[in-house]
Amino acid sequence: MAMTQVNPTRMGLTRLKKKLVTAVKGHKLLKDKRDELMRQFLDMVRLNKSLRERVEKGIAMSNSKFVLAAAVMDEQSLKSALLAPKQSVSVEVSKRNVMSVEIPELEYKTRTPSESDIYSYGFAFTSADLDSAVASLGEVFPDMLRLAECEKSCRLMANEIEKTRRRVNALEYVMIPEYQRQIKYITMKLDENERSTQIRLMKVKDMMVRDVIEQKHARDV
């Protein structure tokens with residue numbers, strides 16, 4: 001950062017000292033915010049990992065059941081069974097503030113509360129493996145929504161952590177040192193001016209004393 005020249009005045013020194021105090025306080029608050037964001041981010045990452053493992057396991061189980069169902073049912077019957085969904089789902093999105101980060105919260109509602117409504121077909125002409133596959137998808141669906149919510153929250157928190165880190169570094173390595181440099185420069189200039197003023201006053205005093213002595217000497221002569 002280029003060194004900014006300032007006017008070495010007491011008013012400017014007072015103003016810079018206030019700015020330095022504010023910058024130091026802001027630096028501490030931003031560091032605390034960054035540390036808390038990191039803590040919550042790591043918790044969110046661990047939750048994301050757990051959810052992803054459950055979702056992947058649930059989808060893999062459902063796929064294997066579908067494969068078994070496809071092996072024992074003819075293609076036309078399988079397509080007809082899944083052609084018209086019986087249940088419908090609506091998702092509501094809200095937001096929650098975490099350390100100034102608006103993270104999403106997803107809530108879903110089914111058209112009817114009955115668990116049997118996820119089956120869009122009768123059980124007489126379908127395989128039990130198809131029932132298991134549909135049931136597996138129904139069970140993993142809440143975790144899929146939670147995973148989407150968690151991954152979006154992780155991305156938002158990571159962006160906020162990066163922005164906060166840049167602000168902390170700007171204060172720590174640029175603004176605070178610059179304010180300190182300017183304060184030191186003004187203080188040195190004011191001290192130098194004060195010494196110069198004292199020297200001039202002492203010279204004036206010496207000149208006045210000499211004049212008095214010379215005048216007295218002239219009268220005595």
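Quick check on Gln180: is it without any contact (Cβ under 8 Å) to a residue 24 or more places away in the chain, farther than 30 Å from Gln76 by Cβ and open to solvent by 90 Å² or more (accessible area, probe 1.4 Å)? Break it down into steps so the answer makes sense when it comes.
On the way: without any contact (Cβ under 8 Å) to a residue 24 or more places away in the chain: no; farther than 30 Å from Gln76 by Cβ: yes; open to solvent by 90 Å² or more (accessible area, probe 1.4 Å): yes.
No: the conditions fail for Gln180.
What pairs come out if I take residues in the range 120-131 that are touching a residue at least 24 places away in the same chain (Cβ under 8 Å) and pair them with residues that are of a type in the set (D, E, K, R) and open to solvent by 30 Å² or more (accessible area, probe 1.4 Å) whose C-beta lies under 8 Å away, six or more apart or interchain?
Within 8 Å, the pairs are Ser120/Lys86; Asp129/Lys65; Leu130/Lys65.
Of the residues that sit in the range 69-116 and are among the hydroxyl-bearing types (Ser, Thr, Tyr) and in a strand (DSSP E or B), which one is farthest from Ser127 (Cα to Cα)?
That would be Ser94.
Considering only residues of the range 64-93 that are of a type in the set (S, T, N, Q) and open to solvent by less than 50 Å² (accessible area, probe 1.4 Å), which is modelled with the highest pLDDT?
To start, the set of residues in the range 64-93 that are of a type in the set (S, T, N, Q) comprises 64, 76-77, 80, 87-88, 90.
Within this subset, residues satisfying the condition of being open to solvent by less than 50 Å² (accessible area, probe 1.4 Å) are 77, 87.
Numbers: Ser77: 81, Gln87: 77.
Here the answer is Ser77.
Among the candidates Ile118, Ile161, single out the residue that is over 24 Å from Met61 (Cβ atoms) and buried (at least 17 other Cβ atoms within 10 Å of the Cβ). Let's see the steps before the verdict.
Values: Ile118 fails: over 24 Å from Met61 (Cβ atoms).
That would be Ile161, the only listed residue that is over 24 Å from Met61 (Cβ atoms) and buried (at least 17 other Cβ atoms within 10 Å of the Cβ).
Pick from the range 123-171 the residues that are among the β-branched types (Val, Ile, Thr) and farther than 24 Å from Glu102 by Cβ: which of them is modelled with the highest pLDDT? Before you say what the answer is, go through the steps one by one.
The initial filter retains those residues of the range 123-171 that are among the β-branched types (Val, Ile, Thr), namely 126, 134, 140, 161, 164, 168.
Now restrict to residues that are farther than 24 Å from Glu102 by Cβ: 126, 134, 140.
Values: Thr126: 79, Val134: 86, Val140: 91.
Selected residue: Val140.
The values are calculated or read from the model by the stated rules, or taken from the named source; none is laboratory data. The model shown is predicted, which means the values in this text are computed figures rather than measured ones. Neighbour counts run over all protein chains shown; Cβ positions are idealised from the backbone, glycine included. Keep in mind that these areas ignore ligands, DNA and RNA; they rest on the heavy atoms of the full protein, side chains included. Shrake-Rupley method; radii C 1.70, N 1.55, O 1.52, S 1.80 Å.
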